[in-house]
Amino acid sequence: MVVNKEYIDRLMTEKGITSYPQLAKECNLHYTTLRYIFKGHNPGVTTLKSIADYFQVTVDSLLNNSSQDYLYVVNNHKVRKIKIRSLENIRYLMIFLLCQEG
């Protein structure tokens, strides 16, 4: 799971955030945490949630999904990467996730 740095950069520009230390401060994160994830380390769910909440976007939108064959699902404080094999698989997955919320 890789963070979509370009998307976060765009969100930063839209919010007027000019540096990663400033973003870290706004998200109540340590700057080194951001530095590690932008270098390719896997972020924790809490870190992703902090960034997503600040920008008012979904956690999934922060992840680099270079292949449209995968969907990232956050459930029980874990990020799961699910391979999408077919349209029928997507329908089944949506029904399953809706049942989990109820």
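Data table
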| item | result |
| --- | --- |
| Residue within segment 9-23 that is among the acidic types (Asp, Glu), modelled with pLDDT of 90 or more and surrounded by 15 or more Cβ atoms within 10 Å (Cβ to Cβ) present | no |
| Tally, over segment 34-49, of residues that are farther than 23 Å from Ile82 by Cβ and crowded, with 19+ Cβ neighbours inside 10 Å | 1 |
| Qualifying position, being modelled with pLDDT of 90 or more and in a loop (DSSP other than H, G, I, E, B), among Leu29, Leu48 | Leu29 |
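The values are calculated or read from the model by the stated rules, or taken from the named source; none is laboratory data. All values reported here derive from a predicted model rather than from experimental measurement. Neighbour counts run over all protein chains shown; Cβ positions are idealised from the backbone, glycine included.
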